[in-house]
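Worksheet: one structure, shown below.
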Amino acid sequence: MKRIKKIVFVETKSAYLHVYSHVPFPRIGSVLLGTILRDRGYDVSVYIEELGAVDMQDFLSADLVGLSALTSTVPRAYELARLARRAGIPVVMGGTHVTFLPDEGLDEADYLVRGEGEETIVELLEALEGDRDRSAIRGLSYWADGEKVHNQDRPLKTNLDDNPIADYSLLRGGAKRIKVASIMTARGCPFDCSFCSVPTFNGKGSRAHSVDRVLEEIAFNVRRQGIDYLFFADDIFNVNRKRMKEILTGMIDNKLTPRWGAQVRHELSRDPELLELMKRANCGRAFVGFESINQQTLDLFNKHETVENIEHAIRALHQHDIKIHGMFVLGSDEDSVETIRQTQDFARRWNIDSIQFMILTPIPGSRDYATFVKQGREFLSKHWGHFDGHHAVHRPAGITPYELQTETIGAMRRFYSWGSIFNRLARRDFYDAGLKFTAKRLLRSWAKSNQEQEYVTSLKEQLYEESKQLVGAATGSLKQVAVTELARSTPLGRAMETFFSELGIKVLYQRMTGTARRENEPEHAARRPESAEARRAESVAHALHALRNQVDLLILPIKEDWEKVKEHLLPQITRHLGKLDAQRFTLPNIVQVDLNSTSQALRQLLTKLGLLYTDDLERIRAACSKALASA
């Protein structure tokens, strides 16, 4: 291998347009690694594709290419890796996705840096130049003799002050003109939210820079780099309130107070001193992971917070003139269409300044992803680009993927309405009016893009196909359904009757067991079969015959064990039907339902049954709500 002189790093962009595609927010990872290698004498360029395009001539002139990717951006990283390798340039990849799926990553790269990469990347360069054995480099994956090799994991770095200050002057392309810098004062998170991969990647806990080092980094970016907005990229800036106060006090005392924002939790709202320091230090916006206003979802996410905590935090931050970017995750197994609409109403009622409604996405490295894989739950897309929080890629318990997709985007469009924009203009808040207008425009562009329309259409077609598969045949002409007598006095029976009545469908109740002789039946039906199984077969035959040409569907509780009936009794049932009617008999469409169905499962089933009769989802949802309330 030739001696390495020039290295190009790229933080890749999402494969799909999304509503935050144009938010100029640089990630720090590649800039920090580039700074480390620049300080060791290498010629380094760094591109952040969300901020500006890669100069391909510069890219293909590198001696080594470094690509960093999240799950949603890894398709683009793989694309660039193939371009580089075809040009004979070795590729090293890092980031959360390939850390958790290294075998996949090595299909596209020569080397992987798993986990935190500051030490691994340096040792890899030493190995490539012949000064180190790569088999001894912790956190490295590579190819050897046609085999994939994954060295031991590298322990988490304890002394973060050893790292140099990330130098954003290394940015190239459009990103070079951005006056925003990210600073990470600490790594790791003591919490363990089910949808998040941070604790797995950065550790369950917090490792921090010293306060003096943080102030030095702020001064470097503000005074030497001309940065006018800082984003504290810690997963939770207020994880140590005492330390946060020291940082803010140092910013005020040293007149280092550009506009800034940070990711925080609701607990800071209980500390008036901290809120006052945030205000004095020129905090422009707090980015708060509220996640949900559904307490069951908060508990499922392991958030350790309540809706009351959320309301208190909003009130306290606004009282100190700190704007709020509320981040919510929609689509847990405890959520419904109503949850999404209530979340949007909540955000508007509490005057949250900006919001981020993300669709729950089980990304590699998260507990959710591990649970889904273990349980064999289906992912609706195999394209990692859809795992960006803006596409429904899983099947929640209480809402169909199509509804999750359309309702989430609809909620965002309602939040960023013309009314909200004019409201900010009336208050002479021109910055937020512009922000909301930009969000509205991006949402419109996103919804109209061909690739997004195709995705939504595919989810809709999938929903309608699942509806048809429930019965396996065309239905809906008779406008009547039958429910077994067994379910009549149960919550399930009441829900079914209310639901279908709301859609103008009549519900009949039918016994599936009983005597084999009924009024007006052929005389030979009075001869009672001797065996219990034969009597059962004849009884079911009479029930089915009675429903002939009357109903579209027979709702059969699982307790009836229709699969067993079909397997063991169907031949006998068919013979009895032949006796009852010489003409060919077609069984009604059978839909099995668990008598003890959860409200979420029942809602999904009712939605699909409703689609057999109408494509008006609003009407179906209203019928579902009344049905569940009556159960």
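The values are calculated or read from the model by the stated rules, or taken from the named source; none is laboratory data. Since this is a predicted model, take the numbers as computed values, not measurements. Because the Cβ atoms are built from the backbone with ideal geometry, glycine has one as well, and the counts that use them run over all protein chains shown.
Among helices (runs of 4 or more DSSP H) entirely within segment 77-160, having at least 1 residues that are in contact with a His (Cβ under 6 Å, 6 or more places away or on another chain) singles out 102-106. Here I178, I165 are screened, and the one residue that is within 29 Å of V264 (Cα to Cα), among the hydrophobic types (A, V, I, L, M, F, W, C) and within 30 Å of the chain's Cα centre (by Cα) is I178.
Scanning segment 72-126 for residues that are touching a helix residue (DSSP H, G or I) at 6+ places or on another chain (Cβ under 9 Å), more than 20 Å from V198 (Cα to Cα) and among the basic types (K, R) yields a total of 1.
K323 passes every criterion in (1) without any contact (Cβ under 8 Å) to a residue 12 or more places away in the chain; (2) closer than 20 Å to R270 by Cα; (3) of a type in the set (K, R) apart from (1). Scanning segment 75-103 for residues being free of Cβ contacts under 8 Å to residues at least 12 places away in the same chain and crowded, with 16+ Cβ neighbours inside 10 Å gives a total of 0.
Candidates G289, G261: the one that is within 19 Å of H209 (Cβ to Cβ) and either surrounded by 15 or more Cβ atoms within 10 Å (Cβ to Cβ) or small (G, A, S) (or both) is G261. Against the numbered list (1) in contact (Cβ under 8 Å) with a residue 40 or more places away in the chain; (2) outside any strand (DSSP E or B), G205 comes up short only at (1).
Within segment 46-57, residues that are at negative phi have Cβ atoms under 7 Å from residues that are β-branched (V, I, T) in these pairs: V46/V31; Y47/V10; Y47/V54; E49/V10; E49/T12; L51/I178; V54/V10, counting only partners at least 6 apart in sequence or on another chain. Among the numbered conditions (1) touching a His at 6+ places or on another chain (Cβ under 6 Å); (2) surrounded by 18 or more Cβ atoms within 10 Å (Cβ to Cβ), the only one that K279 does not meet is (2). Looking only at segment 168-183, residues that are part of a helix (DSSP H, G or I) and modelled with pLDDT of 85 or more come to 3 in all. Please enumerate the residues belonging to segment 264-276 that are surrounded by fewer than 21 Cβ atoms within 10 Å (Cβ to Cβ) and either among the charged types (D, E, K, R) or outside the structural domain of E217 (by TED's automatic domain parsing) (or both). Scanning segment 264-276 gives E267, R270, D271, E273, E276. If you go through segment 249-267 and pick out every residue that is in contact with a helix residue (DSSP H, G or I) (Cβ under 6 Å, 6 or more places away or on another chain), of a type outside the set (S, T, N, Q) and farther than 15 Å from L317 by Cβ, you end up with 4. The residues in segment 434-467 that are without any contact (Cβ under 8 Å) to a residue 40 or more places away in the chain and closer than 26 Å to T607 by Cα can be counted, and the count is 7.
Selection within segment 30-53: residues that are surrounded by fewer than 22 Cβ atoms within 10 Å (Cβ to Cβ) and at pLDDT below 95. The member of this set that is nearest to L230 (Cα to Cα) is E50. On inspection, L503 passes the criterion of being touching a Lys or Arg at 6+ places or on another chain (Cβ under 8 Å) and either crowded, with 18+ Cβ neighbours inside 10 Å or at pLDDT below 85 (or both). Considering only residues in segment 378-388 that are surrounded by 22 or more Cβ atoms within 10 Å (Cβ to Cβ) and either at positive phi or outside any loop (DSSP other than H, G, I, E, B) (or both), the one that is farthest from the chain's Cα centre (by Cα) turns out to be W384. Could you grab me the full set of residues in segment 46-58 that are of a type outside the set (D, E), out of contact with any Pro (no Cβ under 6 Å at 6 or more places or on another chain) and under 19 Å from R27 (Cα atoms)? Correct list: V46, Y47, G52, A53, V54.
From the list S61, S72, the lone residue that is at negative phi, part of a loop (DSSP other than H, G, I, E, B) and either surrounded by fewer than 18 Cβ atoms within 10 Å (Cβ to Cβ) or touching a Leu at 6+ places or on another chain (Cβ under 7 Å) (or both) is S61.
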